[in-house]
1. Based on the mean of other beta carbon atoms within 10 Å per residue, what is the order of A:440-447, A:363-370, A:208-215, most packed first?
2. Using Cβ contacts closer than 10 Å as the measure, can you line up A:327, B:113, A:184 from fewest to most?
3. Please rank A:135, B:226, fewest neighbouring Cβ atoms within 10 Å first, as an exposure proxy.
4. Write down, largest first, the equivalent ellipsoid semi-axes of the range B:125-205 in whole Å, where each equals the square root of 5 times an eigenvalue of the alpha-carbon gyration tensor.
5. Roughly how many whole Å is it from the C-alpha centroid of the range A:427-442 to that of the range B:55-81?
6. Could you tell me the center-to-center distance, by alpha carbons, between the range B:382-442 and the range B:240-263 in angstrom?
7. Please turn the phi angles of the range A:126-133 into ³J(HN,Hα) values with the Karplus equation 6.51 cos²θ - 1.76 cosθ + 1.60 (θ = phi - 60°), one per residue in order, whole Hz, x for glycine and proline.
8. Hey, with R₀ at 22 Å, roughly what FRET efficiency would residue A:63 and residue A:320 work out to, going by the Cβ-Cβ distance, to 0.05?
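Only the coordinates and a few stated rules stand behind these numbers; no lab work does. From a predicted model like this one, the values you see are computed outputs, not experimental measurements. Note that each Cβ is placed from the backbone with ideal geometry, even for glycine, and that neighbours are counted across all protein chains shown.
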Amino acid sequence: MDNSLEPSMQPVETPVNAGPVQAADRIKTIDIIRGVGLLGILLMNIPGFGIDPSVYDSMRRGLHNTTDFYTLKVVSIFFEGTMRGLFSMLFGAGMILFTMNKKEMPGAVPVVYLYYRRLLWLLFFGVINAYVLLWWGDILFFYALCGMLLYTFRNSSPKLLLFLGILCLSIASLKTSLWHNETRESRHNYLEAVAAEKAGKKLTSEQKEAKASWLERENWRPQPERIEQNVTQMRSGYIAVFNHLLPRNADDETWGTYHWAIWDCLGMMLIGMALFRWGFFSNNLTTKDYTMGLLVGYGIGIPVGWLIFTRGQLGMANIAQYVDTYRVNHFVLYDVKRVFLSLGHASLIMLIFRSRIVPWLMKALASVGQMAFTNYLMQSIICTLYFHGYGLGNYNKLSYHQLYYVVLAVWIFQLIFSPVWLHYYRFGPFEWLWRSLTYWKKQPMKK
Amino acid sequence: MITSSSTGDHDTEIPKSPLPSYSRIESLDVIRGVAVLGALFVSIWIFGGFSNQQQNQLLVISKGWNYRVYGAMELLLDGKMRALIAIVFGAAMIIFLNQTSKATVFAGELFIRRQMWLILFGLINAFVFLWTHDLLFHLGIMGILLFPFVRMSYRGLFIAAILTTLIYCGKNFWNYADKKDRYQKFLSVTALEKKYEKDSIALGAKGTVKAKDTLTKLEKQDKQAWEGTLANMKVDVKKDEGNIKAMHNLSYGKTWNHLLEKAQSREAQWTYQFGIWDLASMIFLGMALYKTRFFHNRFSSSKYFIIAIVCIAAGLLLGWFRLHYLQVSLHDFTKYIKGNAVPHDIFFPIERALLALGYACLLIFFLSVNFLSGIWTAFSSAGKLALSNYLLQSLICTIFFYGYGMGYYARLSQFQLYIVAAEVILVQLVLSVIWLKYYKRGPAEWLLHKLYYGHDAIPDNHTPGNANPPVTVIS
């Protein structure tokens with residue numbers, strides 16, 4: 001992993017320190033990538049907003065030539081985890097930018113306090129997003145917590161940052177691996193129990209338990225009653241949806257933080273900080289470098305993504321066969337795919353920006369990225385109101401691929417709304433609120 | 001919530017006179033020493049395998065010395081020592097951030113670094129020493145979370161302390177409300193079941209086709225959920241057998257596996273559900289008290305004494321009610337849940353805040369009238385070495401009790417456990433006094449300091465506890 005990254009990184013180190021980048025240019029490319037990540041994140045979130053998760057099981061086991069299936073395939077191979085990856089990377093870069101842009105002034109609040117206040121408010125917004133706007137897939141909560149661990153690394157060398165980032169992601173892979181080992185052990189115990197049974201031996205209570213627990217796992221299917229209950233609840237009023245999502249939100253913020261976010265998000269943030277220090281996001285590399293990034297990123301990311309989807313995700317529909325065939329789970333490669341594919345996406349965006357073929361789109365994307373916080377919360381507001389019962393109640397009414405029409409609509413809206421808003425105002429509405437809260441003082445809004 | 005400095009509204013919290021010139025605030029060290037060592041009398045239950053089941057059994061029997069002593073410990077110490085630790089931690093946060101004043105810009109950075117290393121110490125305590133109820137991890141995280149609040153005025157901090165205490169009460173209430181909800185669902189499912197039974201009998205008599213008479217899967221799950229809750233509440237010391245067997249295992253690896261889930265659940269589940277509120281409320285209180293110069297003999301001795309008596313009396317009263325209602329609920333939880341709108345522990349957050357505050361006042365009173373001063377000197381030394389002592393407790397107790405050590409887990413009576421705790425405390429008091437004769441810092445404190453100071457060129461004489469703090473820099 002490390003070695004394959006090197007070629008695209010090495011030539012970079014010199015130009016970065018050549019001097020401060022032109023402010024306008026730098027902010028623009030960072031905002032564009034952030035904008036793409038922000039819009040892209042909805043690709044992965046939309047099923048969470050609008051459809052019962054049993055749809056994945058039926059797509060995996062069903063026919064593989066439907067529009068739904070092709071949509072799933074494209075989204076899984078090309079985008080899964082990468083948009084969150086970009087967003088996390090840019091969040092890490094943003095943390096450096098935040099501390100860089102501020103000078104310590106005598107008598108003023110030290111930057112470190114502003115930094116932590118800002119994240120404390122973000123944590124609060126995350127809680128609001130989950131428990132008030134009722135988006136159970138909220139990521140702000142995790143970002144705020146991870147961000148709090150980044151401060152001391154803001155001046156670290158890119159190599160150290162990259163190392164720490166890879167370390168975090170390796171731990172995530174290790175966890176996947178351990179989980180797979182447990183599954184294999186469970187399968188092993190089951191096979192032993194079955195063999196003993198065939199040999200005519202009486203099973204011990206432990207063996208009986210091992211057999212039952214494996215069979216339960218192998219034969220697990222989404223329960224129709226659960227689906228029905230979920231859909232009914234999601235189409236009900238606000239209080240019902242709140243109560244229905246409460247345990248899930250609490251569980252995610254508890255165990256999601258502990259087992260997942262700290263590795264997944266923090267790892268990407270650290271890598272993002274390293275890339276930022278190398279000048280990657282600030283349009284500081286040569287076109288050749290970005291082309292390299294594109295080729296290496298997609299060259300490794302897409303095949304690995306394809307492997308994970310076709311072998312891993314589909315293979316696991318038949319868990320017994322999968323466990324018997326593979327010693328190591330395909331998902332240990334998940335973060336490899338994420339890093340490279342995110343790198344590829346980011347390089348592609350930089351190249352498009354440089355080629356100046358779609359300046360209007362780039363401008364709109366930059367606006368979306370500049371208002372990322374507003375746009376992220378807005379996605380929650382629009383989608384929950386569209387799908388939940390207290391809004392239009394379209395939960396589980398669209399098929400999987402139809403969900404992406406909603407995505408398209410939201411995209412178009414945000415691509416138009418953001419530049420228009422920024423034409424009149426300095427910040428997005430939620431950015432303004434966040435800023436005002438951080439400085440505990442009403443910030444100027446109008447241009 | 002956070003007061004801004006740009007409006008210059010901080011002067012209210014600045015002590016008008018310079019702080020006393022002794023390098024460390026004696027009262028804080030004594031309180032810290034008492035809290036960290038005193039906590040062992042409760043931790044020893046978990047170290048030594050005096051389980052919840054045994055405790056609850058004593059409450060159900062509710063007579064005998066075993067019961068009385070357990071009740072007294074539960075009332076006087078359980079949760080209160082942790083509260084005291086958090087109070088001192090809050091006060092120490094402000095001291096730390098004030099006293100590194102020569103490098104104000106750095107103070108925050110050093111603090112964050114220290115907290116991150118503290119988290120790592122906590123992880124080691126939990127996953128290497130295998131002390132499942134480690135507190136360093138939580139203190140590390142809480143310090144980072146609450147860091148921006150050190151600039152708040154003492155009024156704001158008091159309000160924050162009250163709010164978080166109330167939320168903590170609310171958490172206990174909602175936890176109970178969930179169970180109540182489960183019971184309601186159970187009732188409606190069993191009513192349905194009875195109706196089906198009747199229907200099928202009636203239909204059977206007529207000889208017609210059967211009506212819908214089985215519960216759906218979800219209804220069955222609802223029924224089982226309550227039955228599970230009841231089974232959990234049932235006091236039965238036999239439930240401990242598996243755990244005791246596992247704890248007697250000679251292998252470190254197996255013990256590690258056995259304790260992994262407990263330690264993780266303490267770090268994730270407990271933190272999210274209760275720990276944040278449990279600790280934040282007391283850290284806020286500690287910060288607020290420090291800013292009102294509570295630890296600097298702000299009041300007269302007699303006032304400290306009166307506050308102590310009032311707080312302790314009120315806390316004990318609340319605690320007595322808590323234990324009483326716990327006993328009632330242990331006898332028949334179904335009956336309790338039918339008859340009571342609130343759980344037994346709803347006021348626990350207030351109870352332990354009152355008691356912790358009372359203890360702090362009492363200690364300051366003792367110090368101010370020079371009562372037992374020799375003992376407090378020893379506790380003050382232990383308090384200066386709090387981190388080392390805390391980690392040493394884990395080491396001693398895990399090796400003494402766990403299977404891979406001497407394996408006394410669940411083999412000692414409650415009284416014997418207290419004797420062990422007292423011995424450990426005595427040893428630590430003596431060791432602390434001797435150690436400080438030769439060294440400035442405890443071993444763990446030294447290591448932590450080394451780690452967070454790193455190679456930054458900040459002279460060592462600006463360590464916390466050295467300078468006369470120019471509080472204005474922060475406030």
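1. On the way: A:440-447: 11.6, A:363-370: 23.9, A:208-215: 16.0.
Averaged packing, sorted descending, gives the order A:363-370, A:208-215, A:440-447.
2. On the way: A:327 10, B:113 19, A:184 16.
Least crowded to most crowded, the residues run A:327, A:184, B:113.
3. Values: A:135 26, B:226 21.
Ordered by Cβ neighbours within 10 Å, fewest first: B:226, A:135.
4. Working: eigenvalues 518, 89, 10 Å².
In descending order, the three semi-axes are 51, 21, 7 Å.
5. So the separation of the two Cα centres works out to 51 Å.
6. Cα centroid of the range B:382-442 versus Cα centroid of the range B:240-263: 21 Å apart.
7. Each residue's phi maps through the Karplus curve to give x, 5, 4, 4, 7, 9, 10, 6 Hz.
8. Details: r = 22 Å, r/R0 = 1.00.
After rounding to 0.05, the efficiency reads 0.50.
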